[in-house]
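The values are calculated or read from the model by the stated rules, or taken from the named source; none is laboratory data. Owing to the predicted nature of the structure, the values given are computational and were not obtained by experimental measurement. Here the Cβ positions follow ideal geometry from the backbone for every residue, glycine too, while neighbour counts run over all protein chains shown. When the accessible area is computed, the model is the full protein with side chains, heavy atoms only, and any ligands, DNA or RNA have been set aside. Shrake-Rupley method; radii C 1.70, N 1.55, O 1.52, S 1.80 Å.
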Amino acid sequence: TDFDSKKKRKVAEIYQALNSDPIDVSALRRMAISEGGLLTDEIRCKVWPKLLSVNTDDLPPLPAGKELREDNKDYQQVLLDVRRSLRRFPPGMPDDQREGLQEELIDIILHVLKRNPQLHYYQGYHDIVVTFLLVVGDRLATALVEKLSTHHLRDFMDPTMDNTKHILNYLMPIIDQVNPEVHDFMQSAEVGTIFALSWLITWFGHVLSDFRHVVRLYDFFLACHPLMPIYFAAVIVLYREQEVLDCECDMASVHHLLSQIPQDLPYETLISRAGDLFVQFPPSELAREAAQQQAERTAASTFKDFELASVQQRPDTVLRQRFRERLRGEERTKSILTKPRTNRFVKLAVMGLTVALGAAALAVVKSALEWAPKFELQIFP
């Protein structure tokens, strides 16, 4: 069939890039982004290290688990999270095999934390690590996860959530560029961005039940700029435009709708669209609006997103907070009315731009390469 011959051709191109001297990493990035991603776990074992520039000839031996666990401050929390991670293993896997993998998972996490004391464990980290463990095995997973933790995931591993919140602040400006109506509806509902937190910090590993979709996204994210997962989150919200606009315009309803991620998303289309949006609205252009989102979150509203979780507040604080927000809302309405909305038709142009992600893939790859050093200086201390 046509699909099989396309797949064969892609496999051949991937091996050609792997075997060229020097290895053609930008071709590998392109393959990881374009339709179907890297196709098989066997190929991922060869390509993922190249995307993260990890030298596979020189992997350190894994330490024995016992010495890692004895005096590790994170051990209890890691143990709890890993015990709870049953559904991240393939259904039908024999118990003893799964338990063996869970032990390996604990060791990988503790090993990376021990070697990098500047990194702080967060709940959801194990969702990323288990994906690597299942695809490439423990020894290679350890090297890849360590590199990833000091680069792409660095912000999530700070002692505070400040940088993670900062990345979440990019979500609304991206939505605003493409679909001001959805953006304004979400602002009116005061839904915040906390619904996308677990998507972002687990690279969707925690919320998607089909492992094939998870690894397909990992191909994409590993080949792109570290902020790509937030573009992908925006694209999911935009794809659900009608459901969002049909929802009751209040925080609880919109939060509930958005945090239930549909499992049958058209992944290739959404990946392609996220690539397009990244090219059209690179992070550098959105940085100002993201910073403004941050500024609008005064102490009173910082925990607005967490209100859902903590309903038993004193009513007078809530009223005072609402009053302050109404004043801010009125100011915001003024600024919205004076802000030119040139992007209303962007959406139509984007849709069909590059379904095969030809031009966009190249631009994303190029920007990922250009951005890497600057990006580390800017956001990663």
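Here are some residues: 4, 21. Which one is open to solvent by 60 Å² or more (accessible area, probe 1.4 Å) and either aromatic (Phe, Trp, Tyr) or part of a loop (DSSP other than H, G, I, E, B) (or both)? Give the steps one after another, and end with the answer.
Values: 4 fails: either aromatic (Phe, Trp, Tyr) or part of a loop (DSSP other than H, G, I, E, B) (or both).
Unique residue meeting the criteria: 21.
Which members of the stretch 198-218 meet the condition of being in contact (Cβ under 8 Å) with a residue 24 or more places away in the chain and farther than 20 Å from residue 151 by Cβ? Give the derivation first.
First pass over the stretch 198-218, keeping only residues in contact (Cβ under 8 Å) with a residue 24 or more places away in the chain: 198-211, 213-218.
Across the stretch 198-218, the qualifying residues are 198, 206, 207, 208, 209, 210, 211, 213, 216.
Helices (runs of 4 or more DSSP H) wholly in the stretch 69-178 with at least 3 residues that are out of contact with any Asp or Glu (no Cβ under 8 Å at 6 or more places or on another chain) and open to solvent by less than 30 Å² (accessible area, probe 1.4 Å) - which ones? Before the answer, list the steps.
Details: elements: 75-83, 95-115, 125-136, 138-150, 162-168, 171-178.
It comes to 75-83, 95-115, 125-136, 138-150, 171-178.
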If you go through the stretch 3-24 one residue at a time, do you hit one that is within 29 Å of the chain's Cα centre (by Cα), at pLDDT below 95 and aliphatic (A, V, I, L, M)? yes
Going through the stretch 179-229 one residue at a time, which ones are in a helix (DSSP H, G or I), among the hydroxyl-bearing types (Ser, Thr, Tyr) and more than 16 Å from residue 128 (Cα to Cα)? 188
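Just the residues that are under 23 Å from residue 55 (Cβ atoms) and among the aliphatic types (A, V, I, L, M), please, taken from the stretch 147-177.
Just the residues of the stretch 147-177 that are under 23 Å from residue 55 (Cβ atoms), to begin with: 147-154, 157.
Residues satisfying the conditions are 148, 153, 157.
Looking at 278, 211, can you tell me which residue is of a type in the set (A, V, I, L, M, F, W, C) and either at pLDDT 95 or above or open to solvent by less than 10 Å² (accessible area, probe 1.4 Å) (or both)? Walk me through how you get there before you give the answer.
Working: 211 fails: either at pLDDT 95 or above or open to solvent by less than 10 Å² (accessible area, probe 1.4 Å) (or both).
Being of a type in the set (A, V, I, L, M, F, W, C) and either at pLDDT 95 or above or open to solvent by less than 10 Å² (accessible area, probe 1.4 Å) (or both) holds for just one of 278, 211, which is 278.
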How many residues does the stretch 241-263 hold that are closer than 30 Å to residue 132 by Cβ and open to solvent by 10 Å² or more (accessible area, probe 1.4 Å)? 5
